[in-house]
Every structure is written in C-alpha cells, then in structure tokens.
Amino acid sequence: MLDKVKPYFQEGGRLHAFHSVYDGFETFLFTPKSTSTSGAHIHDSMDSKRTMIIVVLALMPCLLFGMYNTGYQHWTAIGAVDKPFFSLLLYGFLSVLPKLVVSYAVGLGIEFAVAQWRKEEIQEGFLVTGILIPLICPVETPIWMIAVATAFSVIFVKEVFGGTGYNIFNVALVTRAFLFFAYPAQMSGDKVFIGTDAIAGLGEGTVVDSFTGATPLGQVALQAGEESVTITSTVGADPITTSDMFFGLIPGSFGETSTLCILIGAAILLVAGIASWRIILSVFAGGAVMSLIANAFSSPDYPASMLSVADQLCLGGFAFAAVFMATDPVTACRTNIGKYIYGFLIGAIAIIIRVYNNGYPEGAMLAVLLMNAFAPLIDWCVVQSNIRRRLRRVKLNNSDHE
C-alpha cells in the first residue's frame, strides 16, 4: 500500500510537499531499501528507529507500573479498602493517556514541520522523548503546561542546534526543568503527585482527612532540625520501608517510583547493547559514595543526610536518571574513561543537591543537565590525555632504539 501511494509524495507528485512525512512513516515501519553506491559500508537491520523502539520497550515496565501506582495512590487517598487491580490500572491509563497524546502530538508535529521545511528526513529521537516527558512529570501536571514545555524544548533545545544528534542537553529533562522553574506551584508540593479526582466514574470518593500527598523526599526536606527522619505513607502514620521505595508504591512522578521496574528496563537496554553499563554503574557508584559521605557527617540542619545509601538510591528520580537520562548517547560522554567520570559526577552531584538544598529535595535532573554541559569537555580532556600518553610512549621507544 505504501509503494502504491509513494509516487504521489515524490518530486512532481501532487503531495510532494509532504515527502518527509511519508518517508518518516515508511522508514518507521520498514527497513529502507536504499543502499550505498560507493565506498565501504556495513549494512545492518538495526537502524536508529529500531534502537529507539527498544528504548521505548524498556520503558514499558515503568509506564505500566506508573499506571497501577497512580490508581493505587488515588484509592489510598480516598480511604478505599478494596483496590481492584484492573480499576487501578485503568485509572492510571486514563491519567497518563492525554499527556502522552499531547507530548507526541506537539513534539512530532514540530519535528515533522521542521523536517519538511528543511527538506530533510524526519529524525526518530522524539520516539523516546515523547514517552519520557509524561513519565518524569507529576500525574497532576496540566496538559497545556506539557504542551508549552514540550514545544519550548523541541524548538530551543533541539531544532535550533540542528535536530536529533546535535542537541547539547537532554530534551526531556529540559522540558521538566522548564516546567519546574516556570510553574513551580504546579510542579512541587503535596498536591501534584497524586490524583484526587475521579476519572470517567473511576475512583469516586472523598479524600480522607489524614491524607498527605507529599513525596518521601518532600517529607524529609520538611524535617530540618529533627534528630532523625521518618517517612510515612500518604494516609496514616505507617512508615515507608526501603522495600516500599524499591518496589515503588509511593508518591512521585509517574514513572520514576519503582526502582525494580527501572532495573528491568536497564537489563533490556544492556542486553540489547544500547545503554552504557559504564555510565549506569558509575552513576550509582557516585550516588552511593556521596551518600556515605553525607551520612557520615549528617546534621539535623540537612535531614536528607540521615538517609541510608539504599534509600538515597531508591528515592526520587535518581535510578530513572541513571538508566534513562544519563545514558542518552547524544548528550553523554563518548569515551570509556569519560563515561566513568561523567556518571560518577552525576551521581555525586545529585546527592549533593538533594542533601544540602532543603528547598529543592531532588537533584537528579539538575545533575544530568549540568554534566550534559561538561560532557564534551570531559571527552576532550580524556582524548588529550591519551594523545600525551602515546606521544610519551613513542618518544620512549625511539630513545630505546637509539
């Protein structure tokens, strides 16, 4: 069917103005038939579109669990004892679906328009970005805010630099940062991370008096001056354990709460050879080392310093950033040694911001964006170091021969 309508989109066809749109759909569904006519090339069925699809598949555990947890938190907030699995899942699906649609519609719409204007192929980077944006935002983020932030990021962080592969900063994280700094009231606090209204008749009920929608890190930040920190559930005073944090039945951004699901996604990326294990490992190592240092010098003035290493690594968006944000091949370091340095600094800086800034209890987003800016410099230093070492080796070998 695609081959039948193809002449209409080629030069001279009545729909040739939409050639980039046609090409985007064709190459999304099928491996391109075109081959090189000169030079030495290796042809592989794994192109960048299929790479992006594997990343999307790796995000599915986080997306599905986010749907369930959104429903679970809502049912808990209204004091419901019975929590039907499929009702919870459907509630979460209906919560995230409009955000997914808006994210893809705005982002892909801009990329299609720019590609057609430039007479270029449509790039595939937004296949991942479009699903990342809803996953890293609170469930109560207004749809129009997501539309505005997505448009800003795609235009000013990606397209003005030349499109996919040329952006300096991670597009999804800049979207999140834009939302946080432009609309802080709607992106923080204890009312944005849990849906309290019924959707399509699902989850009808009144929020109980003892309900609090504060995330665990939000609770910790408010306990400055206390000799110890306690994290409780959204309803009642039951403590949240490390296992709760690991499995993810806690308030937080839609897809960031379950460390288990994030690690499943990491396994998919590593088996497929897409994500860098050096970056993932070093992010967790940097976070663990900085957590140990902060805990060793803990102070009531900085309550997050009292958290254990396991709690630090499981809470907030730390694990999600380590697996899906820091490993972005466009904005991360390219050299192997640089990946270790880059990842370790992301982990350490994320904990530093989280611990020593009570006004901003999550530092993973800012840590990744900061190191995006320094990634080229790190690679340059590593390459220059290799050049100097090899020059010394050559000089030494020459002197031995003489």
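Tell me whether the stretch 245-382 comes out rounded, prolate or oblate; compute the Cα gyration tensor, take square roots of the eigenvalues as a ≥ b ≥ c, and use a/c under 1.5 as the rounded threshold.
oblate
Work out, step by step, the length gained on full extension between residue 168 and residue 26: first 0.36 nm times the residue separation, then minus their alpha carbon distance; give nm to one decimal.
Values: separation 142, 0.36 × 142 = 51.12 nm, distance 2.86 nm.
My answer for the length gained is 48.3 nm.
Near the amide H of residue 122, under 5 Å away, which other amide H atoms are found, from residues 5 or more places off or on another chain, if H is placed in the peptide plane?
24
Counting only helical runs of four or more DSSP H residues, what would the 222 nm mean residue ellipticity of the chain come to if each run contributes -39,500 (n - 2.57) and the total is spread over all its residues? Present the calculation step by step, with values, prior to reporting the outcome.
Numbers: 15 runs with 230 residues, N = 402.
Calculated at 222 nm, the ellipticity per residue is -19000 deg cm²/dmol.
Need the list of lysines near residue 191 for cross-linking: C-alpha distance under 28 angstrom, and skip anything on the same chain fewer than eight residues off.
83, 99
Assuming a ≥ b ≥ c are the square roots of the Cα gyration tensor eigenvalues, decide whether the stretch 211-262 counts as rounded (a/c under 1.5), prolate (otherwise, with a/b larger than b/c) or oblate.
On the way: a/c = 1.82, a/b = 1.73, b/c = 1.05.
Because a/c hits 1.5 or more and a/b exceeds b/c, the stretch 211-262 counts as prolate.
When only DSSP loop residues count, what chymotrypsin sites (Phe, Trp or Tyr not before Pro) in the stretch 239-334 have their Cβ near at most 11 other Cβ atoms within 10 Å? Spell out each step's value before the answer.
Numbers: sites: 246, 247, 254, 277, 284, 297, 318, 320, 324; in loops: 254, 297.
Those satisfying the criteria are 297.
Straight-line reach from residue 6: which lysines have Cα under 19 Å away, leaving out those fewer than 8 places along the same chain?
Cross-link targets: 33, 119.
Rounded to whole Hz and in sequence order, give me ³J(HN,Hα) for the stretch 156-171 from the Karplus expression 6.51 cos²θ - 1.76 cosθ + 1.60, θ = phi - 60°, writing x for Gly and Pro.
For the stretch 156-171, the Karplus-derived couplings read 8, 9, 10, 5, 5, 8, x, x, 4, x, 10, 5, 7, 10, 5, 5 Hz, x marking Gly and Pro.
Please give every one of the aspartates and glutamates within straight-line cross-link reach of residue 158, meaning a C-alpha to C-alpha distance under 13 Å, and leave out same-chain neighbours fewer than 8 residues apart.
In chain and number order, the partners are 111, 124.
Determine the per residue accessible area of the stretch 18-167 with all protein chains present and a 1.4 angstrom probe, expressed in square angstrom. Let's see the in-between values first.
On the way: 7200 Å² over 150 residues.
Result: 48 Å² per residue.
When ligands, DNA and RNA are left out and all protein chains stay put, how many square angstrom of accessible area per residue does the stretch 309-351 have with a 1.4 Å probe?
Details: 1180 Å² over 43 residues.
In whole numbers, the stretch 309-351 has 27 Å² accessible per residue.
Can you list residues from other chains, or at least 5 along the same chain, whose modelled amide H is less than 5 Å from the amide H of residue 199?
Hits under the 5 Å cutoff: none.
Cut-off 10 angstrom, C-alpha nodes, Gaussian network model of the chain. Which of 62, 314, 381 fluctuates the most?
381
Using Cα pairs closer than 8 Å and at least 6 residues apart in sequence, work out the relative contact order for the chain, in percent. Mind dumping the intermediate values first?
Numbers: 638 pairs, mean separation 61.9, N = 402.
Averaging sequence separation for qualifying contacts and normalising by length gives 15 percent for the chain.
What shape does the stretch 228-326 have by the C-alpha gyration tensor, where a ≥ b ≥ c are the square roots of the eigenvalues, rounded means a/c under 1.5, and otherwise prolate means a/b greater than b/c and oblate the rest? Display every interim value, and only then the final one.
Numbers: a/c = 2.96, a/b = 1.39, b/c = 2.12.
Oblate, because a/c is 1.5 or more while a/b does not exceed b/c.
The values are calculated or read from the model by the stated rules, or taken from the named source; none is laboratory data. Since this is a predicted model, take the numbers as computed values, not measurements. Neighbour counts are summed over all protein chains in view; Cβ atoms, including those assigned to glycine, are modelled from backbone coordinates with ideal geometry. Side chains are part of the model used for accessible areas, which takes the heavy atoms of the whole protein and leaves out ligands, DNA and RNA. Shrake-Rupley method; radii C 1.70, N 1.55, O 1.52, S 1.80 Å.
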